[in-house]
Every structure is written in C-alpha cells, then in structure tokens.
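The values are calculated or read from the model by the stated rules, or taken from the named source; none is laboratory data. As the structure is a prediction and not an experimental result, all values here were calculated from the model. As a convention, Cβ positions derive from the backbone with ideal geometry for all residues, glycine included, and neighbour counts pool all protein chains shown. With ligands, DNA and RNA removed, areas are computed over all heavy atoms of the protein, side chains included. Shrake-Rupley method; radii C 1.70, N 1.55, O 1.52, S 1.80 Å.
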Amino acid sequence: MIDIARKLAFLLIGYGGLGALAKPLVGGVGVILMLHRVTAFLDRPDGPNRHLTITPDFLDLLIGEMKRLGYAFVSMDEVVARLRSGRNAGPFAALTADDAYRDNLVEALPVLESQGAPITIYVAPGLTSGAADLWWEVLDEIVEVGRPVTATIMGKQRTFECATPSGRKSAFLELSEWLTSEVTEEEQRQVLRGLAEQVGVDASDTNRALLMDWSEVRQAASHPLVTIGAHTVHHCNLKRLEAGKALREMHRSRSLIEAELGEAPLHFAYPYGYAAAAGMRETHLAREAGFVSAVTTRHGVLLPNHATHLHALPRLSVNGRHQDLAATRAMLSGATTLLANGGRRLVTV
C-alpha cells in the first residue's frame with residue numbers, strides 16, 4: 001500500500017502541474033539517477049525483484065525527456081566539480097548503476113552511446129568474482145522452485161510453502177527480512193546457500209548468469225562513457241559491521257578494482273544505502289578510504305549544500321515502479337524529496 005500511495009503521489013505531482021510550480025523553489029541544481037538492471041528480457045516480469053529493472057526503451061525516453069527539460073548529462077567526476085565550484089551552469093544529471101549487471105553493458109550502453117550520456121557503474125568485487133552471492137536474486141530462484149523451504153527463525157523452525165504465487169511472495173518477503181536483519185552479514189552467505197541446497201539451486205549460477213565478469217568489467221571501463229566505482233567487496237550492510245571491518249570492505253574494494261583495472265575508483269556507493277545501512281560513521285569511513293564521493297539510496301535532488309556532504313549524496317531511483325515520465329518529472333521537481341524526507345530538503349544521513 002505504501003508503494004501504491006507513493007506512486008499515486010508521484011503521478012499527481014507529475015501530471016497535476018504541482019511539480020512545475022515546485023521546481024523553482026525546491027528543484028535543486030542537479031540529480032543523480034540510480035539504476036540497477038536495464039533489460040527488455042526479464043525472466044520473471046512479476047517477480048519480487050522486478051522493481052530493480054527498467055527497459056532500454058524507457059531509459060532512452062527518460063534521457064530524451066530530461067534533455068528536453070534542460071538537463072546536461074555528466075559524469076560523477078563532473079558532479080563533484082560542479083558542486084565544489086558553486087557555479088550554476090544549468091541543471092545536470094548523472095546516471096549510476098549498482099552491482100554491475102551484465103545488461104548494463106549489453107543493453108544499456110547502446111542507449112547511452114546514442115544519447116551521449118555517461119554512467120558510473122558501482123562494482124562489488126566479491127559479486128563479480130563469485131566470492132559473494134547476489135542474495136536477493138538467489139532467493140528469488142529458491143522460492144520459484146516451488147518446493148517447501150525450512151529455516152530456523154528466532155529459535156523456531158519455520159517451513160515456507162512456495163507452491164503458489166502468494167506463498168512464494170510471502171516466503172520471499174519474510175526470508176528477505178530475516179536474512180538482512182537477523183542473520184549476520186558474516187553468516188548470510190552460508191545460510192542462503194543452505195536454503196538453496198534444500199531445493200537444488202546452485203547459488204553460483206545466479207552471479208554468472210546476471211553479472212559481468214572481470215573481462216566484461218574491463219570492457220565497460222575502457223568505454224569513454226563509463227566510470228567504474230566501488231560498492232564494497234561483499235555487498236555488505238556497512239552499518240551492521242564493526243568499524244574496522246566496514247573500513248576494510250571499502251579499502252579492499254578499491255584495491256581489488258585497481259588490481260583488475262589498473263586504476264583505483266574515486267566514487268563509492270553504499271550497499272542498500274538507506275538510513276539503516278549508511279549513517280554518519282559510514283560517511284567518515286568512505287572519506288578515510290579515499291573516495292571523492294559516496295552515494296546513498298536516500299531519495300533527493302542535489303543542492304548547493306551537498307558540496308560539503310560529498311559522501312552522503314542522495315539519488316533518485318529509476319526503477320520498475322516508476323517507468324512513467326510523469327513520475328520522473330515529479331522527482332525532478334524536488335517536491336518528492338520533501339515528501340520522502342519529512343519536509344527536509346537536505347538530508348545528510
């Protein structure tokens with residue numbers, strides 16, 4: 001119901017003219033757009049992870065509409081430079097994509113080439129190498145098998161029936177919550193693989209099927225429109241780790257990417273990126289790890305004041321819930337920033 005209400009609010013602002021009225025007052029100087037998957041070939045269009053996907057056609061429409069509205073598409077290097085300079089050269093937008101899904105290279109990049117729009121792809125080396133699992137996609141595979149799944153939650157054994165669509169949906173939601181809030185970050189992979197083994201799913205297949213390997217990351221990195229950023233090693237919720245471990249996740253992600261690409265990334269994305277995963281401590285650690293910028297998943301447009309909060313930058317999520325240009329216009333207006341953040345324009349985690 002919350003998602004439905006949010007979507008209705010976005011559409012009312014976008015279609016009702018409120019966004020156009022609000023933009024001069026709360027629109028900010030630019031935006032960072034967050035993508036995950038960009039594909040026209042989604043195996044399960046009604047699956048629990050569908051919100052992570054937009055089509056290449058919508059990406060093309062989105063960039064075209066934003067250009068029509070006067071936005072210049074720039075790299076994350078240029079975002080930092082513009083914020084630091086304080087000069088208002090017109091609205092700007094940066095495209096970012098988390099996790100290095102293969103379709104970013106195969107399906108999104110041709111659109112970006114046609115539009116001349118750069119992108120920053122945030123790579124988690126553990127996901128790329130297979131040392132960490134893309135757990136939300138693996139969990140989707142597990143429940144999709146349709147067999148019962150058993151887990152011990154809060155000391156009690158629970159069996160989740162996955163034979164029906166409603167059963168699979170319920171199982172995915174409850175198991176997701178359990179894996180990310182009760183199972184520790186260090187134990188998550190072992191527990192996930194135990195669930196996968198119950199129903200005969202090979203968890204390693206998911207990474208291989210959906211994510212770029214290192215040769216493809218190098219191919220992407222060599223493209224003039226692509227910047228590679230870091231996303232920790234194991235896609236950890238940093239706030240759930242002791243400070244030293246969190247800092248090592250950041251440092252090692254830089255060094256591992258540098259070892260593969262010959263250049264250390266300057267930009268970072270916090271895995272999950274919401275308040276329970278990235279706070280003030282994490283912004284200090286990102287700075288200490290040597291990153292020039294760090295992006296969250298906190299909803300918001302960029303303001304001049306973000307020049308002094310470069311490690312707590314908000315993004316606008318471009319996802320399967322909002323493949324509508326009216327919703328895009330609503331987000332660009334800055335009005336939805338106020339809605340999402342309790343009336344505050346600037347949120348510094």
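Here is how the numbers come out for the structure above:
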read-out: Given (1) at pLDDT 95 or above; (2) in contact with a helix residue (DSSP H, G or I) (Cβ under 7 Å, 6 or more places away or on another chain); (3) more than 23 Å from LEU83 (Cβ to Cβ), number of the condition SER293 does not satisfy; value: (3)
read-out: Boolean, LEU225 is touching a residue at least 40 places away in the same chain (Cβ under 8 Å) and within 25 Å of SER181 (Cβ to Cβ); value: no
read-out: Unique match (being open to solvent by less than 10 Å² (accessible area, probe 1.4 Å), at pLDDT 95 or above, under 30 Å from GLY194 (Cβ atoms) and among the aliphatic types (A, V, I, L, M)) among VAL123, VAL80, VAL145; value: VAL123
read-out: Single match in GLU216, GLU249 (criterion: in contact with a Ser or Thr (Cβ under 6 Å, 6 or more places away or on another chain) and in a helix (DSSP H, G or I)); value: GLU249
read-out: Which numbered condition GLU113 misses (of (1) in contact with a strand residue (DSSP E or B) (Cβ under 8 Å, 6 or more places away or on another chain); (2) more than 28 Å from VAL191 (Cα to Cα); (3) of a type outside the set (Phe, Trp, Tyr)); value: (1)
read-out: Per-region count, the stretch 85-105, residues in contact (Cβ under 8 Å) with a residue 40 or more places away in the chain and not in a strand (DSSP E or B); value: 9
read-out: Total residues in the stretch 179-190, condition crowded, with 17+ Cβ neighbours inside 10 Å and in a helix (DSSP H, G or I); value: 4
